[in-house]
Each structure stands twice: as C-alpha cells, then as structure tokens.
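Enquirer: Please read through the structure below; I'll follow up with questions.
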Amino acid sequence: GGAASTGAGGVGPIGADHPRADTDFWNSYIKYFPEKAKELGVGLLNPTNSQNKVENLVANAQSLQSQGAKAIIMAPQDTGAIASTLDRLEKANIPVVTVDTRPDKGKTYMVVRADNKAYGEKACKFLGDKLGGKGKVVEFQGALASVNGRDRSEAFAACMKQNYPGITVFEEPTDWEGAKAAAALQTRLNQHPDIGGIYMQAGGAFLTPTLQVLRQKNLIVPPTDPKHIFIVSNDGIPSELEAIRKGEIDATVSQPADLYAQWALFYAKAAVEGKTFQPGKTDHDSTIVDVGGGRLEDQLPAPLITKENVDDKAFWGNQI
Amino acid sequence: MGEFAAVARGVTKRFGRTLALDDVGIEVRAGESHALVGRNGAGKSTLVSILTGMRAPDAGEVAFFGEPAPPVADSAAWRRHVACVYQKATVVPELSVAENLFINRQDLGGGLIRWKKLRRRACELLETYDVAVHPDELVSALTVEQRQLVEIARALSIGSRFVILDEPTAQLDGPAIERLFDRMRSLQDKGVTFLFISHHLQEVYEVCQTVTVYRDARHVVTAPVSQMSKPDLIEAMTGEVGGLTVPSGDDRPSSAEEVLTVSSLSGDHFSDISLTATRGEVIGLAGSASSGKHEFAETVYGLRKPSAGSISVDGAPVRGGDVPAALEAGIGCVPRDRHHQGLVLDLSIAENATMSTAGTFVWPSAQRAAGSTAIASYDVKAAGPDQPVSDLSGGNQQKVVMARALAGDPSVLVLINPTAGVDVKSKESLLGVVDAQARRGKAAVVVSDELDDLRVCDRVLVLFHGRVVREFGRGWHDQELIAAIEGMSSE
Amino acid sequence: MTKAMTEPVAAPAPGKQKFRLARYQDLALVPVIVLLLVVGAVLSPIFLTPANLVAVLTQQSELSLLVLGQAMILVVGKMDLSLESTVGLAPALAVALIIPASSGGLDVGLAAWLALPLCLLIGVAIGGLNGFLILKVGLSGFMVTLGMLTMLRGLQLAITEGKSLIDVPESFLYLGSATWLGLPAAVWICVVCYAVGIFVLKYLRAGRSLYAIGGNSEAARAAGIRVDRVVWTVLVIGSVLAVVAGILMTGRLGSVAATQGEGMIFQVFAAAVIGGISLQGGKGTLFGALSGVLMLGLVEQILRLQGVSGFYIKASYGAVIILALIVTRFATGQKQE
Amino acid sequence: MTKAMTEPVAAPAPGKQKFRLARYQDLALVPVIVLLLVVGAVLSPIFLTPANLVAVLTQQSELSLLVLGQAMILVVGKMDLSLESTVGLAPALAVALIIPASSGGLDVGLAAWLALPLCLLIGVAIGGLNGFLILKVGLSGFMVTLGMLTMLRGLQLAITEGKSLIDVPESFLYLGSATWLGLPAAVWICVVCYAVGIFVLKYLRAGRSLYAIGGNSEAARAAGIRVDRVVWTVLVIGSVLAVVAGILMTGRLGSVAATQGEGMIFQVFAAAVIGGISLQGGKGTLFGALSGVLMLGLVEQILRLQGVSGFYIKASYGAVIILALIVTRFATGQKQE
Ligand SMILES: Nc1ncnc2c1ncn2[C@@H]1O[C@H](COP(=O)(O)OP(=O)(O)OP(=O)(O)O)[C@@H](O)[C@H]1O
Ligand SMILES: Nc1ncnc2c1ncn2[C@@H]1O[C@H](COP(=O)(O)OP(=O)(O)OP(=O)(O)O)[C@@H](O)[C@H]1O
Ligand SMILES: O[C@H]1[C@H](O)[C@H](O)OC[C@H]1O
Ligand SMILES: [Mg+2]
Ligand SMILES: [Mg+2]
C-alpha cells in the first residue's frame, strides 16, 4: 500500500504500534522513536497508534503484518486482550517486542520495561518515610487491565501493609484518566482534609489535573508547611521535573522513554537478524530476567528523582 | 336471536374516573345498516372498541349471531365475527396493499409466504370488491378513500359479515362519500350488516334503516330511521327540544369596503384565482378533494408559497408563504386538520388559544385570563384554562382552534373544515361564531365539504381542478352545488 | 354567541387532577433530593458541609450545562448527540490555533486572548452546521449528530494527534478554576445559565414556542411560529453551552484532555429524562432537568464517600437510572415512549 | 411509534414510482460497495486478495451481528442501546463463573463446558429484562436500555475489578478463532445468521409481523398479532446476537477485554441507518443493514491500507456517515425523522 517507510534501507521493515499519544510520557517516547531508529539503522513502517484501545491494536497489528513487517513493536495497554494476536503473529513467524508492558499470555521475543513493582515500592517508601508511618494517602491507580497498573498497585499496597500499617490508603481506579483522578481527589480532600500524601501512578496522565485541584484548594505549599501534601509520581516527564523544582510535587520515578524506544528497536532489529539472548546482566546497566516459561524481560533502570537530584542531566526528562 | 348480527347488553366501561359507557346496549339486526349517533364523547368509539374485542368491558356482554363473543385474547376469532374501519387507520403505511390485505395471514395457510400467490390473491380480492388500486402500491401512497376501501375489502375477505364504520365519511369528499354509500348498499344486498357512525345526520337517512342514539355514556333511544325526524334525532342527542339552528346570516348587513383582495393567485394545485371579500362578507369555497380549495386557502394564510399573484389585506400587500406576515396583516386561520395543525395537545387551553398573539413576554396570569375569556366566548366545556387540550372532546378542541384563530382579532378569517368531526350541536355554536364575527365587520373564507358550513356564506365559489368554475349567491340548491363540485356543471 | 348548552363530555375531575399533577411534576425530584441529602448526612458527617456540597455542584457543573442545552433541544423535539464531542473539540481547536506546534498546536499563532471568543464561535459553527443538515438538508437529527459526534471527536484527534494539550493560555483556564465570592465561578455560571433558561422558557414567547414546536411542530408553524428559526437557534445555543462546559472542564483539569467529554452524552440523557424531559419533545422543565443533574450528582457522591469502590459506582449509577425511571413511571402514571 | 397516515396522494403515478424505488432500496448500497472495491483495488494491490477481503469480513463480523440484532429491534419500532455492554458483560460473567479467583474469576468453579450455554442464557436474561421493563413496566426503551448499558458495563467492572479475563476456557475461544473450510468460523456464523434472518423476515408470517408492528402497532394488534410477544422475542434475539458477537470477540482477542464492545453502539446505528433501516420502525431490510456494515468496513480498510494515520480515520469515518446520510436522503427523496 501507500505505507511510506522512514529510515528506508535499514534492517526491516519493522512495524510499530504506539499505544496512545495523550500523555506526555508517550509523546516523548513517540518523539524518540524515529531518531533512535535512524541511529540503529532500522527501517520502519509508518507507525500506527491504537489510542488506548485493544481493538485498534489488533487491527493495526494485522495491517502492519499485511504490509510485510518483519518484526513488530507494541505496547499493549490491555495486557490480557492481546493474547490471540500474539498467537497469530507467532504462527506467521513475526517476532514481537513489547515495550512498557508485558502481555499476560502469548509469545514475545523480548519485553522492554522497567520493574514496575519497584515503582510502587519506591513510592510507598518515599511517602511512608515522609509521613512518618501514619496519615492518609490517596492513590491514583492506573488501569488494572494493564500489568503496569496492577504491578504498581499491588506493590504499593503490599509495601504499605507490611511497612506502614499506620497509613490509610484510598485506592482510586482511574483507567489512566485525569478527569477521574481529579473528581476522586476533590471528594477525598473534602472528606479527609488531612490527606498527607498522593501517589499518582502516571504523571503524564494525572499531573495537571491534580495540581489544578490542589491549586484551587490552596494546598500547594512548601514541605515545611504542615498542610503540605507529599506527592510522588511515576514517569519522569519534563513537567514533573519542573514541578519538583518548583516544589509542587516531591518525587517521581523516571521511566526511561528514551531507553524504551532505543532498546525496543534494538531488540526488534536483533530479532530480524536472528540473534538470541540469555537472562542476566546486560551491558547497559540493566538485567534480563526470565519472567517464566522462558519469556525474557529486559528490565531497564528507573531511578527515583527528588529535589536533591532533579537537575541531573542524565535523566531523559532533562534532555528534551 | 339469530336475526341479530350483534348484540351488546349492559355494557359499562370506565377510563379512570371517566365513565365512557354506562350500562348501554345495542342490537344490530342482521342485514341492516344501523346508525349510531351521539355527541362528541358520548361513548360511540368506546362501544366500537368493545364490539371489536379491542377492549374488554368492565361489565356487560356481547354476542354475534346469537353466539357469545370470544375471549378478548383470541383476536383471530373476533376477526371472523366482526370487522371495523376505525377512526384511526389500521393499516401499515409502509407495506404494500397486498400485504395489508393479508396481514398476519400472508402465508395463506401454507407456512411459507409465496409472494406471487399473495399478489394474485390480492388482485382477485380487489377485483371482487371493485377496488381500483394496484396490489404492489404502498398503502401510504393511497388516498383516504382507497385506504378505507382496502380496509373494508380486507374485513370482508376474512369472512365477517358484520362491518363497523366509525366516522368513515369525516375525511371523504362528496363523490367519495356517494361511492362509499353505493358500495354499502350493494354489500347490504349481499347480506352484509353495517354499524355506521357519523356526525352527518343526513347520511343516516341516506343509508341506514335503524338508528341508536347515545348521550353522556347512556343509551337514549333506538328506532327505525323512518320514525325519527332530524329534530327528534337532535333532541335525542342533546337532550333539548328544538332542532339545529345553523345561522344562515342572510340578514347580515353588507358593506362595499374591501378587506381581502386576492389577485391572480397561483400555487400548489390551483392557478389564477382572484377573489375579493368585503367587510361582513362570508365566502364559501367548495370543491372535491383534488380541486385545490385547501391549497388555495392555505396559501392565503401563508402556509404555502404562491407561485404567482398577490394577496392584500386592507390594501396592504401580504408577503406570500409567511404565516407570521399573514397574522401581522390581520389574517386568522383554522387549519385543515386540528390534530395535525390545529393544536398542541399537551399544552393548556390558554396556551393554545394565545399561541398566535404577538408580544415578547408571556405572563402566566394574563395568559390564563385570556384562556378563560376564550372558554367563555366560544363555549368550551373544560375544567379551566390550565387544562391540557388533550383532555377535551373533539368538538371542544375545535373550539379552541377557533379561539386561537380569532385571538389576534384578525380582519380576515380563513376557515378550513371548521366543523370536521364535530357533533351537530358544537357545529351550531362554531358556525354561530363565524356569523357573529362577520357581523362585527370581519371577512371570512370558509373552505368546507359540508353543505351546512356553506349555508352561512354570502356566496360560494366552486373550484374544479384548481380553477373557479362557478359562483353561487345565496339560495343555492344542494343538487346544483353538488353537481358543480363534481364538475358536471352546465355553465 | 350561542348559549351554553353542551354537557360536560367527561367528568371534569380527572382532567383537573391531571393538570394539577402536571404543574407540580417539575418538583417531583425535590423530595428525592431532600431524601438523598438526609441519607448522605446520616452516612457521612461531612456530607452537609459547604465544602462537600460545593464539590458536588462543581463536579456537576459541566454536566449541568450540557443537560441545559440538551433539555432545550429535546423540548423542541430534536436531539443532539454531538454535544459531548463539542466539549472536547471546541477547546482543543481554539487552543491549538494559539499555541505553537512544539506544544501540540497548529502553529497558526493567534493571540491568546482570542481563545475564548474563538471557542464560542466554534460552538456556533457546530450548532449551525447541525441545524443546516437537519433543517435544510432534511437529515435525521439523531443520525446527523451521531455522525457529527464521530467526526468532531475524530477532528480533535486529527488536530492534536491524540495529544492532550497542556500549554493552555491562562485566560482560558480562568473560568474553570476561579472562585467568585467563595463559590467556584463554574457554579455561578451554571446558576446564571439556568436562571436565564428557566425565565426564558417560562416567560418569553420565544421560550414558550419551544414547547409548541416540540409538542406539534405543524401546529406551531400554523400558529405563526418560525419553527426552523427557533430550532436552529436552540441547536446553536445547545452547542454553545457545550462549549462553555468544555471551557470549564479545561480550566478544572488544567489541560484539554484528548478524550474530554467522552461518554458524557449518556449521563446527559439520563439526567434530562429522569428530570422529566420527554424524549418525544414538548414536555419537561429546565428546573426538572437541573434536579435530575443534582440527583445523579448526589447519588454518585454518596457512593463515593461511602467508599464504594470505583468499580461498583458505575453499576450502582446504572441501577439508579433504571430505578428513577420506574419511580417516574408510576408517579406520573403514564407509559413512556 | 405509530405513524399517522400522511396526506393522501391524489395521483397514483408518483405512488407507483415510489414503490418501485422502495423495492430496490435495499440494493441501494450495492453500487457503492462495488465502487469501494474498485477504489480499493486501484489504491492498493493487495485490496482484492482473499486474505484482505477475509480480514475485512472478520473485522466486521462482530459488528454485523450487533447490527443484525439492532436492525430487527429497530424494524419492530424499538431500540436497544445496551447491546454493546452485553458484548462485554455476558462473556465476562460466564467466564468469571468458571475460572478461579486467582485468575480474576468469582471462584464459583462451574464446569468449563458450561461457559457457552451460560453465556447465551445471560443474553436471554438481559433481553428478557429489557423487554419486561419496556413492555410490562412501560418504560421508555431508549432510556431503559441506556440505564442498562451503564449498569451492565458497571457490572462487568465490578465482577472483574477492571481487569481483562485471560484464563478463558478453550471451548469458549474456539468459535472466535477457528477456521472452517478456509474461512474464519466467525464469518460463517454471520453468513448463516443473516441468511436465516433475511429468510424469516421475508418468508415467515412471524417475520413479517415485525414490519407490521413497527409500521403501526395498533394495526398489528387489530390484525391479531401478539405485539408484546413478538417485541419481547425480538429483544431477546437481539441480546443473544450481541452475546454471540461477544463470544466471537473473546475468541478473536483471546480474552475478555475490560472494555469489550465499548463505543460499538454508535457504529451499530450508523451501519443500520446507512443500510436503510429507519429509526421510526417498520422500514428497511437485513440485507440493507448488512451492506451498511460492509460499506463501513471497506471504507475503514481503505483508509487503513492507505496508511491514513489512525488519528484521521475516525474523522473520515464520521464524514462518511454524514455523506452516506446525505446520499440516502437525496436518493430516496424523503426527509428523515
Ligand atoms: N382510552 C381512554 N382513556 C381515557 N378516557 C377515554 C379513553 N377513551 C375514551 N375516553 C373517554 O371516554 C368518553 C367516550 O369517548 P368516545 O371516544 O367513546 O366518544 P365518541 O362518542 O366516539 O366521540 P366522538 O364523536 O368525538 O368520536 C370520552 O369522555 C373520552 O374522553
Ligand atoms: N387513550 C386515551 N387517553 C386519554 N384520553 C383519550 C384517549 N383516547 C381518547 N381520549 C380523549 O377522549 C376525548 C374524546 O375522544 P373522541 O373519540 O371524541 O376523539 P375525537 O377528538 O372526537 O377524535 P376525532 O376528531 O378523530 O373524531 C379526546 O379528547 C381524547 O383526547
Ligand atoms: O503503562 C503506563 C505507562 O508506563 C505510563 O506510566 O503512562 C501510563 C500508562 O500508559
Ligand atoms: Mg369517536
Ligand atoms: Mg370523533
């Protein structure tokens, strides 16, 4: 068809589906994608975007397949409902690299993500320490249809239960939607004016609406003020770093959008070239783990950013 | 009892707190045409719904040819006993004539529907009853007359020998009514029994042998038609002595001052009609359904756009095709069909009556006062100005339409079928209003199929195929007017 | 005139009863609302605090504007499904025309103060286009606005490439985030809009004409009401109200979400119909519609405060809608269509 | 939804012409479909390959079943918005009753083979409940099914806590993933369902009664048709077809997605109406509805193969709906309601 290719002439063509464009995290990822492809010498089909809908992803995968993709990179946000598509691609001998999420079922050549359980834990420890083990915390959960939402939620809950039994957690399911988070926060703050902390599982989705609610309630105050609400986020997008600098939020986990793009493309290329990988430490400061049944996951580092290290140029959020 | 096609005894029916039928009965002798008359809301249609098994009575019993009526659930059995052309059409507009004729028995007993066979059978049926329509035609494309004939043919084909016609003539023009009567007579000769409902009492004399009168949900009298004079009949219906006194208006003062001037007006289905009406003059427009008389009147009021010609009121030209402009110029109108164009049923009497009067603000108290005035002036039977018009009987609804047309005190009245479906007594009061308005110096154009309506007119213009073919002064005879309407005029 | 001599056709009593009921029908939900307030207060000590009630009002403010628009459109006998997409598209397009491409804009670079007027203008255009297609081309209102819903949502996607717009001009955020005299501006705006709407629909001829048109448009036309003009105006007003809702939502969330407004149309219908607006046209009051909005808002808030998990809120909400329909059905004694 | 008889048309000629047109109206989209095939072939060499055409059919199979159900419901003069939630809830509930809590189930532990019959039974129950509320309680069909839509979707959320169910029994996945005689089973199922539907609506008295009821339910009643029974049956069949669509989708996706079916109802209406089904009831054929589905599927596939970005597809899709409405409007010469 008219599917124009970028970086033509490289290894490939490789097909990619981007999951969504409505958060800054994914926008950054999308921006990195063609750059990294050029660096790696990968030939790309025009990437598709499934706008957070698994049905779109299924159709897009089919169309990438029929355009002759040699490997496909995707980031299924519903990690369950992609199973049959993976089976079909496996039958067609098209290796799949997933980025950000690990499908619940089905064959993947490599999963590129970070240890999302660690995000939940880091957030829990940060809030637990800041609150001194007691108080109330609101948690904006991601979509539980996604392994990321589940990993972050479960790890946060387990850590809180174990280490800070004195802290009450209000779990708010949001489906990664900012509007739902804002409504929930508004109510919780009325009900419990003494909310001391917020864990938002994706700064890309929740940062602006949350700050907007707090601003209206005059709750954006320095940590020294007893009214201060400690906020820890995930993603590490530039506006989160900015907010940390301004003292509007306190910490975030930098989920490396640049490395996600880079290593997803790297493994897709390797798949086309027929390479194989083993579990263990890698040369790029990460670990490949066998998450069961021989499925490999390259877990990239995802450091915690606070006021102390926010200006470190190494964070991708400071590079764009 | 076998001599009775249908008998109802002790029938009572209540709708909420309205007693629609109060211990009434009727006996329809086999082979006769039996008229059922009564004022609006007397309970006629309710009786029909009970005689056809559409509703169960609260008390009482029904029998056909000596056999007790089947249970309400068994509609197939009812249909073999009795057929009905209801006030509302019971056809499916988007289906073909053939399918409507055999509705719910399209398979002709064979399990699968064979469309060719169905069409053939429909052709035969239409031929038998001499109905000139194509079986593949959609019913929505038929005329009212054709539709009614299809309904009658269907009823007879099911095998019922007893047919109820609820106000079949209300929507037909003169020739069509005559054709219907011819057909009724010939079917009667073949042994079909009819129960016939109409507000046109002369029709009762034309086709029926027996008449039953209901008043206020009660049975008043049943007698041979030959023994009931028209005044007797009206007295039975209204409970008051004294026949109908439709004002003839021949003593109305005349004037030479022109109010309405229509010059060379052409439009949908009519062309090149000129007419002037002076103060106090009432002009009648007669003609068959296809004569263009309705379209002409609607064009004068701005409901339709003229293609040529002009209209002026008191010398000032009126923009064509623009109702607000017509109202502004002083034209008021009772539109053709009150259900369709006359009323907003869910709104109150007050609101309907004041709908055409200008003014940016609507103060509820003022509106209610205007409503009360209308109720008093037009003799509307209602609980009050806030009552929704949907609660009123047909005749009273029509009076509200009249009130709306007159609310702005227009100098020209365009009245289309002003007394359609209205009982004799209400008709009298509505025509009284027309006469009174003319006496106040208004000009009026009355478009009607009913000769009674035309009798209040100073002159009657007859339209044929969109042109004025004859003009009558006062004192015309029914026969010559009908002949002219049918296009058989010698002049 | 002729003497009064007609007999009353039906006993006048039931008629009287009917219109009495009808007059108070728009107050039908008031006891329900009171009941909900009591239940809320019993279940949660903070329920009757001003902060909580203001929160309910604020959360419902956008919905209430959509319901206001839709209610008028329903009264006049039409329907506009595209309102929910207007909530997203109009702000997105207006903002995109202002901000640079680097922030997800269209690089047109209009002045920031133009955002608000531009946005309203877009609303006028959408309502006008719907009106044109329905009234002049003669398309089915349900279907046109369904197509429009898809198209506008798609347009927003196309313009923003699926991004949420974050760099929204301050002036544009103001209304949705400001507080006037201790109440959010959004609440004031709703109050004013409803007050005007209720007044117009009750005391202005133009407003009354909506009921006439919705009840029987042919009769309205024959009574000299300029039906097409009124319907067109109402469609435009509906769209503009949706735009205002979109502006408030943008201010409240601080950005134009890619999915702004998605799914709201269902709630809009629920609130309007529960509030007594008939889908058949010609019936219902704006006060009733408003109480429908409040009722749903209170139910949601009670569930939320009770700590009912978000997963159960939606199901309860659906159940409440059906329950409310049943109650209305038996309260008015009329079958619905 | 009974329509009053419209003004009688005096001359029989236009009537005759009209019925001729009407008879071929269900073929109206055939030339459009041929055109789309030609355009597709010109634009993309793979368009006419069996693989591509089968892909289109497969992608449209679930939609087509929903349209089949909705078309019959519309013909009979009702509407069912809840179909799209049935697509998700029925499989979710059936599967949850079978799988253990550790996989997201309800820990009831029914036998795996029960999944399919259970699922169909749930469909019957939903359709039956809708029918009860509409016919016996007398609620507005639009509103009941809107409430039901919200409630069922909420129920699915409540049961699965927002998760997709992945441990679906093999037997349940079979239909949506199997291939029979070189074609996906889903396609065969659709073909059979449509063939049966077209036959019933054309050659059986019961089928014809749908048109009579939708065209004039009073007339249908007078003709001895058991209106309520027929409407109820049609609502149940519609729900069951939605369940079948849900089963196919589950098989195709290999799991019950948390959002399964979401947003489909808009496409369902679009396809049905473009295919000539009237929202007023009593008009349209299943063949027409099917061609509406195919048309939309072809348009989408052409856009996708052309590499039109997903962001533009939705807008184009909306534009196509409106365009199709305009074409239909002028082809039939009738205003739509
Ligand atoms: N379904 C109903 N519900 C409530 N009241 C009804 C119903 N049907 C009829 N009525 C009332 O019953 C009474 C008798 O009505 P019916 O229709 O039988 O009168 P009618 O004699 O046919 O009048 P018309 O000459 O105007 O046709 C009226 O008062 C009417 O208001
Ligand atoms: N199902 C009903 N529910 C409530 N009121 C009804 C019902 N059916 C009829 N009515 C009312 O009963 C009154 C009298 O009915 P009637 O049979 O006289 O109708 P009508 O207006 O004379 O009809 P038409 O003009 O066609 O003869 C009308 O006001 C009508 O609104
Ligand atoms: O999967 C999640 C992603 O890692 C980021 O946090 O944005 C929200 C989700 O898309
Ligand atoms: Mg009657
Ligand atoms: Mg009558």
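Enquirer: From the cross-link list B:190/D:202; A:125/A:275; B:293/D:335; B:88/C:335, which pairs have alpha carbons spaced over 30 Å apart?
Expert: Those over the limit are B:190/D:202; A:125/A:275.
Enquirer: Classify the range D:263-337 as rounded, prolate or oblate, taking a ≥ b ≥ c as the square roots of the eigenvalues of its Cα gyration tensor: rounded when a/c is under 1.5, otherwise prolate if a/b is larger than b/c and oblate if not.
Expert: Cα axes put the range D:263-337 in the prolate bin.
Enquirer: Which semi-axis lengths, in whole Å and largest first, follow from the square roots of five times the eigenvalues of the Cα gyration tensor of the range D:48-261?
Expert: Gyration-tensor ellipsoid for the range D:48-261: 30, 23, 13 Å.
Enquirer: How big is the equivalent ellipsoid of the range D:170-251 along its three axes, where each semi-axis is √(5λ) from the Cα gyration tensor, reported in whole Å from largest to smallest?
Expert: Listed largest to smallest, the semi-axes of the range D:170-251 are 33, 14, 7 Å.
Enquirer: Which entries of B:442/C:283; A:117/A:180; D:136/D:314; A:31/A:122 have Cα-Cα distances beyond 30 Å here?
Expert: B:442/C:283; D:136/D:314
Enquirer: Quick check for you: which residues of the range D:239-275 have the amide N under 16 Å from the point 7 Å beyond the Cα of residue D:137 toward its beta carbon?
Expert: none
Enquirer: Now for a separate question. Place the peptides D:267-278, A:287-298, B:51-62 in order of packing, highest mean first, counting for every residue the other Cβ atoms within 10 Å and averaging per peptide.
Expert: Result, highest mean Cβ count within 10 Å first: D:267-278, B:51-62, A:287-298.
Enquirer: Percent relative contact order of chain A, based on C-alpha pairs within less than 8 angstrom and at least six residues apart?
Expert: 18 percent.
Enquirer: Could you list B:81, A:284, B:199 so that the one with the fewest beta carbons within 10 Å of its beta carbon is first and the one with the most is last?
Expert: Lowest count first: A:284, B:81, B:199.
Enquirer: With the Cα gyration tensor of the range D:91-201 giving a ≥ b ≥ c as the square roots of its eigenvalues, does the rule (a/c under 1.5 for rounded; else a/b larger than b/c for prolate; else oblate) give rounded, prolate or oblate?
Expert: Oblate shape, in that a/c is at least 1.5 and b/c is the bigger or equal ratio.
Enquirer: Can you give the calculated 222 nm mean residue ellipticity of chain B, where each DSSP H run of n ≥ 4 adds -39,500 (n - 2.57) and the sum is split over every residue, rounded to the nearest 500 deg cm²/dmol?
Expert: -9000 deg cm²/dmol
Enquirer: Kirkwood Rh over Cα pairs of the range B:1-52 into Stokes-Einstein at 20 °C, 1.002 mPa s: D in µm²/s?
Expert: For these conditions, the coefficient is 181 µm²/s.
Enquirer: Every other copy gets compared here: list the nm distances from the residue C:49 label point (7 Å along Cα to Cβ) to its counterparts, shortest first, one decimal.
Expert: 6.5
Enquirer: Would you mind computing Rg(Cα) / (2.2 N^0.38 Å) for the protein assembly as shown, counting N as its residues?
Expert: In units of the 2.2 N^0.38 Å rule of thumb, it is 1.02.
Enquirer: Using only the alpha-carbon atoms, what does the range B:190-340 span along each of its principal axes? Please give whole angstrom values in decreasing order.
Expert: On the principal axes, the range B:190-340 reaches 56, 41, 25 Å in Cα extent.
Enquirer: Next up: Using a cut-off of 12 Å between alpha-carbon atoms, which aspartates and glutamates can reach residue B:117, once sequence neighbours fewer than 8 places away in the same chain are excluded?
Expert: B:99, B:107
Enquirer: Per DSSP H run of n ≥ 4, the term is -39500 (n - 2.57); total these for chain C, divide by its residue number, and report the mean residue ellipticity at 222 nm rounded to 500 deg cm²/dmol.
Expert: That comes out to -22500 deg cm²/dmol.
Enquirer: I would also like to ask the following. In chain D, which whole DSSP H runs stretch at least 18 Å along their own axis (Cα) and average -0.5 or higher on the Kyte-Doolittle scale?
Expert: Helices passing the filter in chain D: D:29-43, D:50-75, D:83-96, D:115-131, D:141-160, D:185-203, D:227-253, D:286-305, D:310-332.
Enquirer: Compute the orientation-averaged projected area for the range B:57-156 from the convex hull of its Cα atoms and round it to one decimal in nm².
Expert: Mean projected area of the Cα convex hull: 7.8 nm².
Enquirer: Further, regarding this structure: From the label point of residue D:117, set 7 Å along Cα to the beta carbon, how far off in nm is each other copy's matching point, shortest first?
Expert: Those label-point separations list as 7.1 nm.
Enquirer: Principal axes first, then extents: for the Cα atoms of the range C:36-132, list largest minus smallest coordinate on each axis, whole Å, largest first.
Expert: Cα extents, longest axis first: 55, 39, 18 Å.
Enquirer: Okay, next question. Once the principal axes of the Cα atoms of the range B:4-238 are found, what is the range along each, listed largest first in whole angstroms?
Expert: 54, 39, 31
Enquirer: Determine the relative contact order of chain C: mean sequence separation of Cα pairs under 8 Å and six or more apart, normalised by residue count, in whole percent.
Expert: 30
Enquirer: If the label for residue D:180 sits 7 angstrom from Cα along the Cα-to-Cβ line, what are its distances to the same label in every other copy, in nm to one decimal, shortest first?
Expert: Relative to the other copies, residue D:180 has label-point distances of 6.5 nm.
Enquirer: Additional query: Based on the Cα atoms of chain A, what semi-axes does the equivalent ellipsoid have, where each is the square root of 5 times one gyration tensor eigenvalue, given in whole Å with the largest first?
Expert: 36, 19, 18
Enquirer: Restricting attention to the range A:58-138, which trypsin sites (Lys or Arg not before Pro) occupy a DSSP loop and are surrounded by at most 13 other Cβ atoms within 10 Å?
Expert: A:134
Enquirer: Turning to a different aspect of this structure: At q = 0.09, 0.12, 0.13 Å⁻¹, what log₁₀ I(q)/I(0) does a Debye calculation on the Cα points of the range B:258-485 give, no solvent, two decimals?
Expert: -0.34, -0.61, -0.72
Enquirer: While we're looking at this one, here's another question. So what does the Cα-only Debye profile of the range C:192-337 read at q = 0.14, 0.20, 0.22 Å⁻¹, as log10 I(q)/I(0), no solvent term?
Expert: -0.84, -1.36, -1.45
Enquirer: From the helices alone, meaning DSSP H stretches of at least four residues, give me the mean residue ellipticity at 222 nm for chain A, per-run term -39500 (n - 2.57), in deg cm²/dmol to the nearest 500.
Expert: -12500 deg cm²/dmol
Enquirer: Of the GluC sites (Glu not before Pro) in the range A:180-287, which ones lie in a loop per DSSP and count no more than 12 other C-beta atoms within 10 Å?
Expert: Counting only loop positions with at most 12 other Cβ atoms within 10 Å, none of the GluC sites (Glu not before Pro) in the range A:180-287 qualifies.
Enquirer: Follow-up question, since we're still on this one. Can you tell me which of C:154-161, D:285-292, B:264-271 comes out highest on packing, and rank the rest after it, using the mean Cβ neighbours within 10 Å?
Expert: Packing order, densest peptide first, comes out as D:285-292, C:154-161, B:264-271.
Enquirer: Given q = 0.11 Å⁻¹, what are the Debye log10 I(q)/I(0) values for chain B, with equal point scatterers placed on the Cα positions and solvent ignored?
Expert: Log-scaled intensity ratios, in q order: -1.00.
Throughout, read-outs are computed from the coordinates displayed, never taken from laboratory work. Small disclaimer: the values here were computed from a predicted structure and weren't measured. Backbone-built Cβ (ideal geometry, glycine too); neighbour counts: all protein chains shown.
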